[in-house]
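Down below is the structure, laid out as structure tokens.
The values are calculated or read from the model by the stated rules, or taken from the named source; none is laboratory data. Keep in mind that what you see is a predicted model, and the values were worked out from it rather than measured. Backbone-built Cβ (ideal geometry, glycine too); neighbour counts: all protein chains shown. Accessible surface is based on the protein model in full, side chains and every heavy atom, while ligands, DNA and RNA are left aside. Shrake-Rupley method; radii C 1.70, N 1.55, O 1.52, S 1.80 Å.
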Amino acid sequence: MWSTRLFWKPFTYFSLLIILSSVIGGATTIRWQQEQIIRQLELRLRNTAIALQSPAEEALAHQDIEDFQSVIQTMASQINTRITLVGKQGQVFADSHKDPQQLDNHGDRPELITALKTGNGSSKRFSDSLGIEMLYIAYRIEHQGTTVGCVRAAVNTQQISDQVADIQFKIATLVLIIIVGGLSIAGIGISKMTQPVVHLIEEARELTSGQIKKPRNLSKGNEFDELGQTLNNLSKTLSKRMRQLERNHNELLVVLEGMKEGVIAVDGSDCIRFANEAVCRMFSLDVKRDEGRPIWEVLRNQMIETTVHKARKSDEPFHGKIELLTPHELHLSLSASAIPSSSHSSSSKNPGVIIVFHDITEIHRLENMRRDFVANVSHELKTPLASIQAFAETLIDGAIHDDDNNMLFLTRIVEQSDRLNLLIQDLLSIARLESGENVTDFASVDLTEIAQRCLNDHQSHAAKKNITLVSNQIDSVWVFAEADGLTQILDNLVDNALKYTPEDGTVSVNIQAESRAVRLQVTDTGIGIPADHQDRIFERFYRVDKARSRQLGGTGLGLAIVKHLVNAFGAEVDVISAADQGTTFQITFPLVDDGDA
Ligand code: ADP
């Protein structure tokens, strides 16, 4: 309260006014009092001098000075006034305070000179005879029209000074009391007047800083209280709105933070004002570190910079795509819109921009895969078709009559047709599996029985290459799967094992029933798969050695079909292999209760 300008400013003015008026008033009164005292003394001296004019004329006319001397001595002691009778030549005839014989000629005294000339005179000066400052009044004495001398009355000016000092002291004390009293009253009055304003200012300050406290209880009274009441109502409304805004803001934050899409907002100077979690993940941002920094400095991507500027210039959202290589390989589609600036915030010339990023990496990958797949399928179909066409045309061109080669050409046509058929069957299987069809016929299936049947089917193929085909399991092991799918898995794996194992090798099918899973392993002693290819062999048309695969009648789809089926059964497939060290494909099925059987 005491520290407010609101108090000190009026208080200073009031204080100056009180002090000035008191001092001026006091000084004027003292001066007036002093003049009054002097005037009264002068009057007294004049009256005395006038009263003594005729006795003095008598005394001078009859040369009866001694009587006059005794009269003035008595009188002077009573009225505390010095009285002197001076001849017209300045000789002193009588004096109430000194022996006239001892006094020098007074002809040079200014009051006497004036009195002889004009009738009366006065002066205030130092008395050589008494050695003190005196006030003199002199009157001319005439006898029968002739000037015979002057009578002079005088008082010690010390009297005046004493009286003036006494009055000065009293008036100064009064002035001091008035000042102290006035300042106290002014202080209390101003404090009372400004107190409600100070409270109002405090409240308004809280309102502007957003810290809205409980409204004060105000009594109904003067205009300030009314203003306070209005401010209280405003505070209530504002605090309600602030709470609502805060709630909305928090809800918006939760939505933005929970979004899969990355959202980043920049202000008119391109500085980052908001970035949600998704965008932080995409660009490895740290909100705490990067908030407030220019977007071009943080993201270092020309496309984003261009996007911000284009969005700012247009009323429509700007759409684009970017590819990130670091920190992760990402394909993002983005949509940027200028944030419409309100009329209040138009201080910055540029509007802010909000950019939403969609991660389209997966879509992009699938799109690429689809494109590759179509290209691969066309290529894979074209190769046997071209062979069939070439052999058929050769036969038509006359080779049909060439008994040495015609059968060979026809055999090649049949082989290529088989290959085409195999390829189409595998493509159909893939298409079926990818569309999610035909893998719904789940049941408890005896894996041992299916494995045995598969080994039997491939026995003749194995025998051609003198490959030993064995299984370790004879007891039934049940898995929850689809019988046809299981057969297809085992056929593909055993077929691959036989294809990629040189003559005199071994291919074994092992089945182990463990406490929590069933493990199926197809192991061969073949050419193995180098470690750097193992991640990709389950992709469609991926082959370690294309020429060898084709030569062995491979379609490049076998393992892709296996992977799809295994996934559909809720199982997992792993490959354990190394170049020239043989290969083991291992499928782990989750355990099936007997109750399901
Ligand atoms: P393919 O019809 O060419 O055999 P797959 O999808 O069945 O196609 O297999 C993909 C590739 O994986 C094969 O081309 C081959 O390079 C490799 N591969 C699969 N099984 C084996 C195995 N048992 N031994 C060595 N390589 C194999």
Filtering segment 154-195 for residues that are open to solvent by less than 70 Å² (accessible area, probe 1.4 Å), out of contact with any Gly (no Cβ under 9 Å at 6 or more places or on another chain), in a helix (DSSP H, G or I) and touching a residue at least 60 places away in the same chain (Cβ under 8 Å) leaves a count of 12
For segment 551-568, what are the residues that are at negative phi and either touching a helix residue (DSSP H, G or I) at 6+ places or on another chain (Cβ under 6 Å) or within 8 Å of the ligand (Cβ to nearest atom) (or both)?
L552, G554, T555, L557, G558, L559, A560, I561, V562, H564, L565
Is there a residue being in contact with a His (Cβ under 7 Å, 6 or more places away or on another chain) and surrounded by fewer than 23 Cβ atoms within 10 Å (Cβ to Cβ) anywhere in segment 558-574?
no
Scanning segment 130-153 for residues that are part of a strand (DSSP E or B) and of a type in the set (G, A, S) gives A138, G149, A153
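With the requirement that a residue be outside any helix (DSSP H, G or I) and open to solvent by 100 Å² or more (accessible area, probe 1.4 Å), what does segment 313-333 give you? Explain how you work it out, then say what you get.
Looking only at segment 313-333, we keep the residues that are outside any helix (DSSP H, G or I), and these are 314-333.
Within segment 313-333, D315, E316, H319, K321, E323, L325, T326, E329 qualify.
Does segment 59-82 contain any residue that is within 19 Å of G121 (Cα to Cα) and either open to solvent by 30 Å² or more (accessible area, probe 1.4 Å) or hydrophobic (A, V, I, L, M, F, W, C) (or both)?
Among the residues of segment 59-82, not one is within 19 Å of G121 (Cα to Cα) and either open to solvent by 30 Å² or more (accessible area, probe 1.4 Å) or hydrophobic (A, V, I, L, M, F, W, C) (or both), which makes the answer no.
It is to be established whether one or more residues within segment 85-94 are free of Cβ contacts under 8 Å to residues at least 24 places away in the same chain and either assigned to a helix (DSSP H, G or I) or on the phi > 0 side of the Ramachandran plot (or both). Give the derivation first.
Step one: filter segment 85-94 for residues free of Cβ contacts under 8 Å to residues at least 24 places away in the same chain, giving 89-92.
Filter once more, keeping what is either assigned to a helix (DSSP H, G or I) or on the phi > 0 side of the Ramachandran plot (or both): 90.
Checked segment 85-94: at least one residue is free of Cβ contacts under 8 Å to residues at least 24 places away in the same chain and either assigned to a helix (DSSP H, G or I) or on the phi > 0 side of the Ramachandran plot (or both).
Taking L498 as the residue in question, decide whether it is at pLDDT 90 or above, away from the ligand (no atom under 13 Å from the Cβ) and not β-branched (V, I, T).
So L498 fails the test.
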Please indicate, with yes or no, whether at least one residue in segment 432-451 is within 16 Å of the ligand (Cβ to nearest atom) and within 60 Å of the chain's Cα centre (by Cα).
yes
Kindly indicate whether any position in segment 202-220 is modelled with pLDDT of 75 or more, in a helix (DSSP H, G or I) and of a type outside the set (A, V, I, L, M, F, W, C).
yes
Count, please, the residues in segment 473-500 that happen to be among the polar types (S, T, N, Q) and without any contact (Cβ under 8 Å) to a residue 40 or more places away in the chain.
3
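Of all residues in segment 2-53, how many are closer than 30 Å to S191 by Cβ, open to solvent by less than 60 Å² (accessible area, probe 1.4 Å) and not aromatic (F, W, Y)? Step through it out loud before you land on a result.
Here is the first cut: in segment 2-53, the residues closer than 30 Å to S191 by Cβ are 2-26.
The next check asks that each one be open to solvent by less than 60 Å² (accessible area, probe 1.4 Å); those that pass are 4, 7, 10-11, 15, 18, 22, 25-26.
Among the residues that remain, those that are also not aromatic (F, W, Y) are: 4, 10, 15, 18, 22, 25-26.
Looking only at that region, the number is 7.
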Which pairs turn up if I take residues in segment 112-135 that are not assigned by TED's automatic domain parsing to the domain that holds E35 and look for partners that are buried (at least 16 other Cβ atoms within 10 Å of the Cβ) with beta carbon separation below 8 Å, at least 6 apart in sequence or on another chain?
none
Filter result for I188 (within 30 Å of S123 (Cβ to Cβ) and among the aliphatic types (A, V, I, L, M))
no
Members of segment 569-585 found to be over 16 Å from E539 (Cα atoms) and away from the ligand (no atom under 12 Å from the Cβ), listed by number:
F569, G570, A571
Could you please give the count of residues in segment 259-312 that are among the aromatic types (F, W, Y) and either in contact with an Asp or Glu (Cβ under 7 Å, 6 or more places away or on another chain) or open to solvent by 30 Å² or more (accessible area, probe 1.4 Å) (or both)?
2
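Does A481 satisfy the condition of being in contact with a helix residue (DSSP H, G or I) (Cβ under 9 Å, 6 or more places away or on another chain), at negative phi and away from the ligand (no atom under 11 Å from the Cβ)? Even if it seems obvious, please write down each step before you answer.
Numbers: in contact with a helix residue (DSSP H, G or I) (Cβ under 9 Å, 6 or more places away or on another chain): yes; at negative phi: yes; away from the ligand (no atom under 11 Å from the Cβ): yes.
Criteria met by A481.
How many residues are in contact with a Pro (Cβ under 9 Å, 6 or more places away or on another chain) and within 12 Å of I587 (Cβ to Cβ) when one looks only at segment 475-501? Give the steps one after another, and end with the answer.
Within segment 475-501, the subset in contact with a Pro (Cβ under 9 Å, 6 or more places away or on another chain) is 479-480.
Keeping just the survivors that are within 12 Å of I587 (Cβ to Cβ) gives 479.
Qualifying residue count, segment 475-501: 1.
Quick one: which residue in I424, I400, I396, I388 is among the β-branched types (V, I, T) and either touching a residue at least 60 places away in the same chain (Cβ under 8 Å) or crowded, with 16+ Cβ neighbours inside 10 Å (or both)? It would help to see each step written out before you state the result.
Values: I424 fails: either touching a residue at least 60 places away in the same chain (Cβ under 8 Å) or crowded, with 16+ Cβ neighbours inside 10 Å (or both); I400 fails: either touching a residue at least 60 places away in the same chain (Cβ under 8 Å) or crowded, with 16+ Cβ neighbours inside 10 Å (or both); I396 fails: either touching a residue at least 60 places away in the same chain (Cβ under 8 Å) or crowded, with 16+ Cβ neighbours inside 10 Å (or both).
Only one candidate qualifies: I388.
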Among L332, L324, L285, L299, which is the only one that is under 26 Å from L253 (Cβ atoms), in contact (Cβ under 8 Å) with a residue 60 or more places away in the chain and in contact with a helix residue (DSSP H, G or I) (Cβ under 9 Å, 6 or more places away or on another chain)?
L332
The correct count of residues that are under 23 Å from S335 (Cβ atoms), assigned to a helix (DSSP H, G or I), open to solvent by 50 Å² or more (accessible area, probe 1.4 Å) and of a type outside the set (K, R) in segment 347-385 is 6
Exactly one of these conditions fails for D535: (1) over 60 Å from the mean Cα position of the chain (by Cα); (2) more than 9 Å from the ligand (Cβ to nearest atom); (3) not small (G, A, S). Give me its number.
(1)
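Do we find that I355 is more than 15 Å from G268 (Cα to Cα) and at pLDDT 90 or above in this structure?
Numbers: more than 15 Å from G268 (Cα to Cα): no; at pLDDT 90 or above: yes.
Spelling it out, it is not the case that I355 is more than 15 Å from G268 (Cα to Cα) and at pLDDT 90 or above.
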Out of (1) open to solvent by less than 30 Å² (accessible area, probe 1.4 Å); (2) modelled with pLDDT under 85, the odd one out for E111 is which?
(2)
So V374 passes all but one of these: (1) at pLDDT 90 or above; (2) among the hydrophobic types (A, V, I, L, M, F, W, C); (3) not assigned by TED's automatic domain parsing to the domain that holds T588. Which condition number does it fail?
(1)
V522 vs. criteria of a type in the set (A, V, I, L, M), within 13 Å of the ligand (Cβ to nearest atom) and in contact with a helix residue (DSSP H, G or I) (Cβ under 8 Å, 6 or more places away or on another chain)
yes
State yes or no: is K170 in the same structural domain as A51 (by TED's automatic domain parsing) and among the basic types (K, R)?
no
Residue count, segment 434-488, condition farther than 20 Å from L559 by Cβ and open to solvent by 30 Å² or more (accessible area, probe 1.4 Å), comes to 26
